[in-house]
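What follows is a set of notes on a single structure, which appears directly below.
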Amino acid sequence: MKVTVVGAGAVGASCAEYIAIKNFASEVVLVDIKEGFAEGKAMDLMQTASLNGFDTKITGVTNDYSKTAGSDICVITSGIPRKPGMTREELIGINAGIVKEVSSNLVKNSPETIIIVVSNPMDTMTYLVHKTSGLDKNKIIGMGGALDSARFKYRLAEALEAPISDVDGMVIGGHSDTGMVPLTRLATRNSVPVTKFISEDRLNQVMEDTKVGGATLTKLLGTSAWYAPGAAVSALVQAIACDQKKMFPCSVMLNGEYGMKDICIGAPAILGRNGIEKIVELDLNDAEKNHMKESAEGVRKTNDLLEV
Ligand SMILES: NC(=O)c1ccc[n+]([C@@H]2O[C@H](COP(=O)([O-])OP(=O)(O)OC[C@H]3O[C@@H](n4cnc5c(N)ncnc54)[C@H](O)[C@@H]3O)[C@@H](O)[C@H]2O)c1
């Protein structure tokens, strides 16, 4: 199992570290455009191997895609992150060019690969890879919902004063401050609806805190977060590599599901060795459907800025 991670910055390096620590991949190749950066990150990570007990071989290269040849899974984290006060959508001008070029280099060297897109605005970057890479639609997955759901569960556990392992919940829709659709109606504590334990007002607060989860961290850190994003990507990579058939909300190309076509947006997907094995359609109520529709309008507006 060979995994390439493009972008050895905060999210890329964190993702490589979690993949290595989970010890399911034989090889991780880090690629960055900054001379020596990926090589340095790879060497530093390899020097944790004896301490953390993993055998995954991590190597780093400066823009040399020949070293990525034969990758089973490629992760794209290259591009700029947002600064405090910025939206993810504002990154499109720079990141679209980077994601298009990087995905083309990856597919040239690994024509059978599965691509996980992380760079923002993620739903639109995933759409761009669909339009330009020539890969089958089950092989292109955007990572956003897995992270947003982890943040939702963190906020739910806080409100419930419960351990996070007691809590289940999912965020679908666009990966943006306004587009996320946290499914509060379906969130549970050990199968019991969370509304049994907290008021509607508190649950609305959880929903709002979840939607601005990334912006809250960007304000605190001065740049966007990396531990939870890295962990979320590594969970998707592991589900595919180990054929786990686990369900995560991912940005997927819809073809009639949720009444939408020709858009990449967050929906529950079962991930296994073929990438997206199945898109799961939930029975949403009218409010959730409307929320999803508004979210899609936002994503389409950003997609319209692409030149494809
Ligand atoms: N989808 C999500 O849930 C999610 C979560 C967090 C961050 N992000 C996004 O991920 C991206 C990376 O964030 P970060 O915090 O790691 O940023 P970062 O600046 O720490 O790292 C980005 C790296 O990409 C490299 N790079 C730039 N152009 C490149 C190219 N053409 N080829 C190879 N490497 C290139 C840079 O040199 C840098 O090392 C951002 O767009 C950010 O918004 C997405």
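The values are calculated or read from the model by the stated rules, or taken from the named source; none is laboratory data. These numbers were taken from a predicted model, which means no experiment stands behind them. A quick note on method: Cβ atoms are made from the backbone with ideal geometry, for glycine too, and the neighbour counts reach across all protein chains shown.
Given the conditions (1) over 22 Å from SER234 (Cβ atoms); (2) touching a Gly at 6+ places or on another chain (Cβ under 7 Å); (3) buried (at least 17 other Cβ atoms within 10 Å of the Cβ), and given that ILE92 satisfies all but one, which numbered condition is not satisfied?
Evaluating ILE92 over (1) over 22 Å from SER234 (Cβ atoms); (2) touching a Gly at 6+ places or on another chain (Cβ under 7 Å); (3) buried (at least 17 other Cβ atoms within 10 Å of the Cβ) leaves (2) as the failure.
Quick grid of which residues meet (1) more than 17 Å from THR68 (Cα to Cα); (2) surrounded by 24 or more Cβ atoms within 10 Å (Cβ to Cβ):
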| position | (1), (2) |
| --- | --- |
| VAL99 | no, yes |
| GLU112 | no, no |
| MET122 | yes, yes |
| GLY144 | yes, yes |
| TYR154 | yes, no |
| ILE164 | yes, no |
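Residues of region 204-220 being part of a helix (DSSP H, G or I) and either surrounded by fewer than 16 Cβ atoms within 10 Å (Cβ to Cβ) or on the phi > 0 side of the Ramachandran plot (or both), which ones?
ASN204, GLN205, GLU208, THR216, LYS219, LEU220, listed by residue number.
Could you tell me whether ILE33 is crowded, with 18+ Cβ neighbours inside 10 Å and not small (Gly, Ala, Ser)?
no
Of (1) touching a His at 6+ places or on another chain (Cβ under 6 Å); (2) over 18 Å from HIS130 (Cα atoms), MET253 satisfies all except one. Which?
(2)
Limited to region 1-57, what total is found for residues that are assigned to a loop (DSSP other than H, G, I, E, B) and away from the ligand (no atom under 15 Å from the Cβ)?
11
If you go through region 234-247, how many residues are buried (at least 24 other Cβ atoms within 10 Å of the Cβ) and in contact with a helix residue (DSSP H, G or I) (Cβ under 7 Å, 6 or more places away or on another chain)?
Summing the residues that are buried (at least 24 other Cβ atoms within 10 Å of the Cβ) and in contact with a helix residue (DSSP H, G or I) (Cβ under 7 Å, 6 or more places away or on another chain) in region 234-247 gives 3.
Do you know which of the residues in region 259-308 that are among the polar types (S, T, N, Q) and assigned to a helix (DSSP H, G or I) is nearest to PHE248 (Cα to Cα)? Let's see the steps before the verdict.
Initial filter on region 259-308 (among the polar types (S, T, N, Q)): 274, 285, 290, 295, 302-303.
Add one more test, that the residue is assigned to a helix (DSSP H, G or I), and what stays is 290, 295, 302-303.
Working: ASN290: 22, SER295: 18, THR302: 24, ASN303: 23 Å.
Here the residue is SER295.
Does SER224 count as assigned to a loop (DSSP other than H, G, I, E, B), more than 13 Å from the chain's Cα centre (by Cα) and over 21 Å from LYS137 (Cα atoms)? Step through it out loud before you land on a result.
Details: assigned to a loop (DSSP other than H, G, I, E, B): yes; more than 13 Å from the chain's Cα centre (by Cα): yes; over 21 Å from LYS137 (Cα atoms): yes.
For SER224, the condition - assigned to a loop (DSSP other than H, G, I, E, B), more than 13 Å from the chain's Cα centre (by Cα) and over 21 Å from LYS137 (Cα atoms) - is met.
Would you please name the residue that is farthest from LEU135 (Cα to Cα), looking only at residues in region 67-78 that are surrounded by fewer than 22 Cβ atoms within 10 Å (Cβ to Cβ) and of a type outside the set (Asp, Glu)? Before the answer, list the steps.
From region 67-78, those surrounded by fewer than 22 Cβ atoms within 10 Å (Cβ to Cβ) are 67, 69-70, 72; that's our starting set.
After this cut, where a residue has to be of a type outside the set (Asp, Glu) as well, the list is 67, 69-70.
Numbers: LYS67: 20, ALA69: 16, GLY70: 15 Å.
Within region 67-78, the match that is farthest from LEU135 (Cα to Cα) is LYS67.
How do the pairs read when you match residues in region 231-260 that are within 17 Å of MET170 (Cβ to Cβ) with residues anywhere that are in a strand (DSSP E or B) and among the charged types (D, E, K, R), using Cβ under 6 Å and keeping only pairs 6 or more apart or on different chains?
Close Cβ pairs satisfying both conditions: ALA239/LYS246.
Here's the yes/no breakdown for (1) buried (at least 21 other Cβ atoms within 10 Å of the Cβ); (2) under 26 Å from THR87 (Cα atoms):
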| site | (1), (2) |
| --- | --- |
| ALA232 | yes, yes |
| PRO268 | no, yes |
| LEU282 | no, no |
| LYS289 | no, yes |
| GLU294 | no, yes |
| LEU306 | no, yes |
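Matching residues to (1) closer than 24 Å to ALA241 by Cβ; (2) near the ligand (Cβ under 8 Å from one of its atoms); (3) modelled with pLDDT of 95 or more:
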residue	(1), (2), (3)
ILE73	yes, no, yes
ILE80	no, yes, no
GLY93	no, no, no
GLU101	no, yes, yes
VAL107	yes, no, yes
VAL118	yes, yes, yes
HIS130	yes, no, yes
GLY142	yes, yes, yes
GLY145	yes, no, yes
